[in-house]
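Where a number appears in this text, it was derived from the coordinates with a stated rule and is not lab data. Bear in mind the structure is a predicted one, so any value in this text is a computation, not a measurement. Every residue, glycine among them, receives a Cβ derived from its backbone with ideal geometry; neighbour counts consider all protein chains shown.
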Amino acid sequence: MHIVVCVKAVPSTTEVKMDPKTNTIVRDGRQAVVNPFDATGLEIALHIKDECAAAGDPCRVTVLSMGIPDTERLLRDCIARGADDGLLLSDRAFAGADTLATTYALSRGIACMDEPADLVVCGKMAVDGDTAQIGPELAGALDVPCVVDVQRLHGIVGSTLALERATDAGRELVEVDLPAVITVAKDAAQLRMPSIAGVLAAEGVPIAVKTAADVDADPARTGLSGSPTQVVRSFVPERASEAVCVTGDAAEQAAALVELIEEACR
Amino acid sequence: MVDVLPWTSEFDEYLRDESRSTGDADSISFPRTEGDIRTVMRSLYGATGPDGRPVPVTVQGARTGLAAGAVPAGGHVMNLSRANAYLGLRRDQTGSYLVRVQPGVVLAELRRHLARHTIPCAGWDAASLAALEELYAGPEQFFPTDPTETSACIGGMAACNASGARSYAYGPMRPHVASLRVVLADGDVVALRRGEVFARGRHLTLETEGGRTIELDLPTYTMPATKNASGYFVADDMDPIDLFIGSDGTLGIISELELILSPVPQVSWGINCFFGTEDDAIGFTCAVRPALAHACALEYFDAAALDILRRQRERSTAFSALPALDDAWGCCVYVELACDDEAEALADLARLRDILAACGGSEDATWVGRTDVDRECQRFFRHAVPESVNMLIDERRRTDPTITKLGSDMSVPDDRLRDVVRLYRESLAAAGLESAAWGHIGNNHLHVNVLPRDAADYAAGKRLFQTWARAVTDMGGAVSAEHGVGKLKRDFLAVMYGADHIREMAALKRQLDPYGQLGQGNLFAVDTCEGGA
């Protein structure tokens with residue numbers, strides 16, 4: 001089995017710095033971490049790899065990202081934790097991509113791998129973008145089924161994956177035939193820490209870095225030119241709070257409270 | 001303006017500290033400035049209480065101490081948590097930054113302000129503001145002393161010469177304090193800057209800002225060559241600033257400190273190394289110490305500590321974020337590396353791999369924390385052990401309120417690590433006591449915690465600690481390595497130094513505090529110090 005895990009470099013969630021003039025996130029390589037949802041996705045993939053190993057079945061986990069050259073550092077960290085290899089799509093041509101262009105680039109990366117992907121795992125969303133679009137769009141691009149918001153992996157039998165996903169009504173048990181794309185919730189698993197053996201071994205693993213041309217990407221569908229999304233303005237929402245004092249006896253206070261709630265709902 | 005407030009029940013929390021001991025008091029004050037402290041001390045100096053004895057004055061900070069040093073023994077409580085201003089900044093001739101603070105500044109806040117460049121600087125002079133601009137423009141700085149309890153305040157940390165995991169590389173608080181201002185029992189002030197004045201042998205002359213000259217005869221004992229927070233720091237030709245640091249609030253009231261900041265290491269990695277047996281973990285520690293130049297912490301967790309974490313992880317959602325512990329892992333040594341670059345850290349990691357292989361460990365049975373998320377996970381792992389033990393004891397106290405946790409704080413020289421661990425294991429087994437041990441194995445300083453199930457266990461544990469105090473002293477160790485002596489460990493201090501040296505300490509105190517008012521009951525019993533002006 002070949003599992004591809006898509007990971008995105010995001011600013012460290014504990015110390016996000018905003019540029020006060022542009023209201024955009026200050027991104028520098030030092031603060032970048034793997035998107036926490038994608039980290040969970042990696043753990044799900046590594047868990048399947050462990051299960052396959054226990055059953056004597058071969059399993060390979062490849063981590064895939066589109067980003068600046070420094071993202072290679074994060075892919076190497078994923079390898080230290082148990083992934084087998086990594087592919088970084090890094091090219092100025094990819095810059096300014098929205099989710100559609102990103103999905104296209106990732107699909108080209110997967111298409112150019114030396115082994116077809118049986119399962120593609122994505123985080124449900126990224127903590128800096130919150131779109132939750134990459135997984136479903138990638139499934140569309142690859143023309144495979146998609147299960148979103150996976151909470152738990154129940155098992156894998158042959159080429160069928162049994163999963164539990166969150167829905168508006170509760171939980172749903174799903175079986176999906178591979179190849180497929182799944183997106184995982186952040187709390188579905190906890191990413192293991194690397195061992196000394198893993199860290200030292202990862203240092204010697206070459207990470208493929210490919211340009212748009214390397215993966216035969218159509219220039220009209222990559223980066224800014226392939227992005228129909230127009231960002232008009234980004235800003236930090238102002239935090240506002242207002243206190244209203246409700247007085248009177250219990251019945252009067254309750255009535256006043258109801259009125260306030262109704263007013264807020266109008 | 002500061003008020004001396006009569007005691008009411010609203011102040012009852014100030015009768016306790018983290019040692020879970022409770023005292024009593026008649027009044028309390030919350031000074032905000034050195035002037036406030038002096039005003040209170042002038043009003044109390046030599047004053048007597050209803051019993052005709054001098055009014056004790058117990059100084060408190062954040063009350064996070066574990067030796068009951070801040071628990072009042074009657075009289076007045078001076079709580080300095082509101083004296084928490086940042087006063088200025090300068091660079092010395094070596095380029096180090098020195099930040100001047102009041103004693104109530106909390107460690108966690110200091111760290112946050114340094115990391116986020118938000119040090120409150122209203123009212124600072126131009127030179128301090130210029131130094132602040134330089135500080136923010138240059139490499140990130142930090143204050144290296146790192147007790148587990150980050151809500152500790154700087155004054156309290158100095159009073160007990162606090163340490164922490166990184167003391168393995170950085171030492172305790174003492175060398176990171178460049179200057180102190182100390183209010184004496186009579187309200188006069190001594191200003192001490194490191195390197196300016198020295199004792200002559202064991203005689204020290206101090207000049208106060210009020211123009212007095214105080215001649216002090218220092219105790220004659222020799223301190224153990226280990227991590228040590230037991231009693232007064234004394235040495236031939238010593239710097240007097242070192243006497244006041246670690247004096248448990250008995251010689252004066254620290255009203256201002258100048259802290260030496262250090263550059264944050266470029267690369268900071270944590271490595272949990274798991275072993276099947278305690279013997280292997282000790283062998284690993286002994287091998288790592290000379291081989292790893294960039295280790296800044298070497299911490300230990302024994303089998304019982306790991307079992308407690310396994311149970312907590314299963315039972316409580318609050319601990320579900322703990323990483324899973326393999327059943328084969330019997331104990332853990334945590335190594336923290338502080339390196340200039342990743343290549344240096346990787347070279348150390350390769351050395352660790354080789355040492356593990358030679359000491360019965362495995363490069364696979366390790367966790368390497370290199371990201372913020374992983375390091376936070378390791379921090380949670382380390383701090384979850386004492387937190388879980390406290391929860392366990394609280395649970396047991398519901399059935400027997402007389403018991404409490406008994407935690408040791410003793411250290412020995414490097415070559416006695418195996419001996420002291422053998423002593424702990426054999427005597428705990430012989431007494432049939434439940435325990436969990438963790439702490440600073442790099443400094444041969446383990447916190448062995450007896451977990452009493454009933455009053456009999458509690459009494460047996462206390463007896464055991466007394467025998468350990470004797471044995472550790474015979475090994476050339478210290479009965480308190482980082483918590484200070486306070487009120488809970490003064491019997492151990494008597495074992496360590498003997499009655500004659502305790503009397504010397506009390507005599508020294510009397511020269512600075514003739515009525516024996518400050519920190520009464522800390523280090524030695526009240527009657528040891530009685531004398532009067």
Binned Cα-Cα distances of segment B:264-390, short to long, each 5 Å bin given as a whole percent: 2, 11, 22, 23, 20, 13, 7, 2, 0
Value in Å of the Kirkwood radius, where segment A:2-235 supplies the Cα pairs that are averaged: 18.0
Rg(Cα)/(2.2 N^0.38 Å) for segment A:118-266, N = residue count: 1.63
Shielding by partners, peptide B:261-273 (average Cβ within 10 angstrom, other chains): 1
Of A:A189, A:A141, A:A240, the one that fluctuates the most in a GNM where chain A has Cα springs shorter than 10 Å: A:A240
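Give me the percent of DSSP beta bridges within chain A that run antiparallel, rounded to the nearest 5. Let's see the in-between values first.
Numbers: 18 of 42 bridges.
Counting DSSP beta bridges with both partners in chain A, the antiparallel share is about 45 percent.
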Computed over the protein assembly as shown, the ratio Rg/Rh where both radii use C-alpha atoms and Rh is Kirkwood: 1.02
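B:D457: net charge of surrounding residues, Cβ under 13 Å, Lys/Arg +1, Asp/Glu -1, itself excluded? It would help to have the intermediate numbers written out before the result.
Values: positive: B:R396, B:R397, B:K405, B:R453, B:K462, B:R463; negative: B:D400, B:E434, B:D454.
Once positives and negatives cancel, what remains is +3.
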Principal axis box of segment B:64-142, alpha-carbon based, largest edge first, Å: 48, 24, 24
5 angstrom amide H check on B:L80, placed H, neighbours 5+ away: B:Q60, B:G61
P(r) of segment B:27-75 over all Cα-Cα pairs, binned every 5 Å from zero, in whole percent: 4, 19, 25, 23, 19, 9, 1
Mean Kyte hydropathy of 0.0 or more with a Cα span along the axis of at least 24 Å, helices from DSSP in chain A: A:36-55
Estimated 222 nm signal from helices in chain B, with DSSP H stretches of n ≥ 4 weighted -39500 (n - 2.57), rounded to 500: -10500 deg cm²/dmol
At q = 0.26 Å⁻¹, base-10 log of I(q)/I(0) for segment B:213-291 (Debye sum, equal scatterers on each alpha carbon): -1.31
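What does the charge count around B:S163 come to, taking other residues whose C-beta lies under 11 Å from its C-beta (Lys +1, Arg +1, Asp -1, Glu -1)?
On the way: positive: B:R166, B:R174, B:K227; negative: B:D146, B:D409, B:E482.
Within the 11 Å Cβ shell, the charges total 0.
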Calculated over segment B:399-484: convex hull of Cα atoms, volume per residue (Å³): 85
Degrees separating the helix B:372-397 axis from the principal Cα axis of chain B, which is the longest one: 70
Principal-axis tilt of helix B:278-291 within chain B, Cα atoms, nearest 10 degrees: 70
Directionally averaged shadow of chain B, computed from the convex hull of its alpha-carbon atoms, nm²: 24.8
Overall dimensions of segment B:93-263 by Cα: Rg and Dmax, Å: 16.5, 47
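Among B:106-118, B:487-499, what's the highest-first ranking by average C-beta atoms within 10 angstrom per residue?
Peptide ranking by packing, descending: B:487-499, B:106-118.
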Loop-located trypsin sites (Lys or Arg not before Pro) in segment A:157-263, at most 14 other Cβ atoms within 10 Å (DSSP): A:R233, A:R239
Distance histogram in 5 Å bins (all Cα pairs of segment A:53-159, percent per bin): 2, 10, 19, 23, 24, 14, 5, 2, 0
Within segment B:264-390: Cβ-based charge dipole about Cα centre, in debye rounded to nearest 20 (Lys, Arg +1; Asp, Glu -1): 340
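If you add up the charges near B:G360, with Lys and Arg at +1 and Asp and Glu at -1, over every other residue whose beta carbon is less than 10 angstrom from its beta carbon, what do you get? Before the final figure, lay out each step's value.
On the way: positive: none; negative: B:D279, B:D280.
Value of the local net charge: -2.
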Scaled radius of gyration (Cα, divided by 2.2 N^0.38 Å) that segment B:337-430 gives: 1.52
